[in-house]
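The values are calculated or read from the model by the stated rules, or taken from the named source; none is laboratory data. Quick caveat: nothing in here was measured; it's all calculated off a predicted structure. Virtual Cβ from ideal backbone geometry, glycine too; neighbours counted across all protein chains shown. For accessibility, only protein heavy atoms count, side chains too; no ligands or nucleic acids. Shrake-Rupley method; radii C 1.70, N 1.55, O 1.52, S 1.80 Å.
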Amino acid sequence: SKLPNKGTSLHRSMLRALFSGSSHDATSPAQPEAAQGQPVRLLVIQADDYDWPVILRGATVHGRPIMVYQTGWPDIHVHASTYSSARICVEILSLAKCATPPEGLALSSGRRITMQPDFVLIRNEVKTPSFDARSKLNGLMFAGVPCMNSLESIMMFCERPAVQGFLHQQQRRLGDAFPVVPQHFCSSSKSLMYGYTFPAVVKVGSAHAGVGKMKISDHRQMSDFRSILEMMPDEHCMVEPFIESQGDLRIQKIGSHYRAFKRIGISGDWKTNTCTSIMDEIQCSERYRQWADVASQLFGGLDILTVDAIIEAETGKELILEVNGTSSGLHPDKAQEDNEFIKELLLQRMTAALCTDDPNTAI
């Protein structure tokens, strides 16, 4: 008979111990006395860029060092249970290639890392055209793991109409101080009865970064598009007027730090976020700060966000297009400084979440 793989047997033993129901797990978050002096385990979901173990090197939370596990959504499994004081276990199949492995740990072929996160930082999208990690996010929510931004807000950002609905509510409340591009929502192809301004832009589902978007010239082309949408019966669609632009804006807020950028496309593509463009930092006016402050109220509050807006070519009028949450990208020239802002805010949030006198909430 085939001999069991030693690494696999050890991994299964750890999972059995984790969810055995024992209340004497020395590494359990429910045992605050045992946690004193032990590293805080931080799970970072960011597989595309930056080295968070290096960024956080030497940092502590209430005197406890931080052990950082950086990986991507496709490379984890989440186990959560109410039968064990451990609550949650995350299997890491592969560490992020851009990150330094946790000290003393390396992922060899066929070996998995099993860890219990005390806190989570999510910097990648949960749902993209190639994968959907909402089931894993649900596991983190089930276990009640603290996160920046909140897990609830990250889940809501998977549904773009919920975000846009908040923006339109604020536009009705604040008027011209918070201008939002008008939009039409339809739950399926059967409710796509758009008869307003052409050309228009259709956005299918909750995709981002230019994916799932198409420019429609007239009602005949819209009719053709509707026939395509019929092949996606579970997808909603939003339609908005196409705005000939002189550029677009991105307002960034990380805690109390603000930045503003202006981007101008130079390749002639109407999607400036996917074409060749020039992006420069500009002064972040009080008007832009107000936009970011209003957007930061979304879903109970956002620590990291960006507001995207467009500048109409003919009038110079600025209209808000959308808000992005914790997965907002950073300008390459400002990334090092902005990651330091994220680090400072992260340590504040971790300290608030993990350092408490309440024995029922201490980790």
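Figures for the structure shown
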| quantity | calculated |
| --- | --- |
| Those residues of segment 65-91 which are open to solvent by less than 30 Å² (accessible area, probe 1.4 Å), of a type in the set (A, V, I, L, M) and more than 17 Å from residue 51 (Cα to Cα), in sequence order | 76, 86, 88, 90 |
| Segment 330-356: number of residues that are of a type in the set (S, T, N, Q) and outside any helix (DSSP H, G or I) | 1 |
| Selection within segment 300-329 - open to solvent by less than 60 Å² (accessible area, probe 1.4 Å), within 24 Å of residue 352 (Cβ to Cβ) and either modelled with pLDDT under 95 or not in a strand (DSSP E or B) (or both) | 301, 302, 303, 325, 326, 327, 328 |
| Selection count where residues are open to solvent by 50 Å² or more (accessible area, probe 1.4 Å) and without any contact (Cβ under 8 Å) to a residue 60 or more places away in the chain, scope segment 197-234 | 19 |
| Any pair with Cβ under 7 angstrom, 6 or more apart, that starts in segment 175-196 at a residue that is among the hydrophobic types (A, V, I, L, M, F, W, C) and open to solvent by less than 30 Å² (accessible area, probe 1.4 Å) and ends at one that is at pLDDT below 90 and in a loop (DSSP other than H, G, I, E, B) | 186/192 |
| Criterion violated by residue 120 - all others in (1) under 18 Å from residue 96 (Cα atoms); (2) open to solvent by less than 30 Å² (accessible area, probe 1.4 Å); (3) not in a strand (DSSP E or B) satisfied | (3) |
| Within segment 249-289, tally of residues that are modelled with pLDDT of 95 or more, exposed (fewer than 15 other Cβ atoms within 10 Å of the Cβ) and not acidic (Asp, Glu) | 6 |
| Filter result (more than 23 Å from residue 162 (Cβ to Cβ) and either modelled with pLDDT under 90 or in contact with a Cys (Cβ under 7 Å, 6 or more places away or on another chain) (or both)) within segment 193-218 | 195, 197 |
| Any hit, segment 51-66, residues being more than 21 Å from residue 151 (Cα to Cα), polar (S, T, N, Q) and at pLDDT below 90 | no |
| Pair list, Cβ < 9 Å and 6+ apart or interchain, from segment 276-287 residues that are within 15 Å of residue 178 (Cα to Cα) to residues that are surrounded by 11 or more Cβ atoms within 10 Å (Cβ to Cβ) | 285/260; 287/177; 287/318 |
| Check on residue 169, open to solvent by 60 Å² or more (accessible area, probe 1.4 Å), more than 14 Å from residue 322 (Cβ to Cβ) and assigned to a strand (DSSP E or B) | no |
| Identity of the residue in segment 49-72, in contact (Cβ under 8 Å) with a residue 40 or more places away in the chain and assigned to a loop (DSSP other than H, G, I, E, B), that ends up farthest from the chain's Cα centre (by Cα) | 62 |
| Tally of residues being without any contact (Cβ under 8 Å) to a residue 40 or more places away in the chain and either touching a strand residue (DSSP E or B) at 6+ places or on another chain (Cβ under 6 Å) or closer than 17 Å to residue 137 by Cα (or both) across segment 83-95 | 3 |
| Of residues in segment 126-152 being more than 13 Å from the chain's Cα centre (by Cα) and over 16 Å from residue 89 (Cβ atoms), the one least open to solvent (accessible area, probe 1.4 Å) | 146 |
| Qualifying residue in segment 81-92 (condition: modelled with pLDDT of 95 or more and either part of a loop (DSSP other than H, G, I, E, B) or among the small types (Gly, Ala, Ser) (or both)) | no |
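A quick yes/no check of all residues on (1) in contact with a His (Cβ under 9 Å, 6 or more places away or on another chain); (2) over 24 Å from residue 347 (Cα atoms); (3) β-branched (Val, Ile, Thr):
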site: 232; (1), (2), (3): no, yes, no
site: 251; (1), (2), (3): no, no, yes
site: 262; (1), (2), (3): no, yes, no
site: 281; (1), (2), (3): yes, yes, no
site: 287; (1), (2), (3): no, yes, no
site: 293; (1), (2), (3): no, no, no
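This table checks each residue for (1) over 19 Å from the mean Cα position of the chain (by Cα); (2) assigned to a loop (DSSP other than H, G, I, E, B).
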residue: 208; (1), (2): no, yes
residue: 215; (1), (2): yes, no
residue: 220; (1), (2): yes, no
residue: 226; (1), (2): yes, no
residue: 232; (1), (2): yes, yes
residue: 239; (1), (2): yes, no
residue: 252; (1), (2): no, no
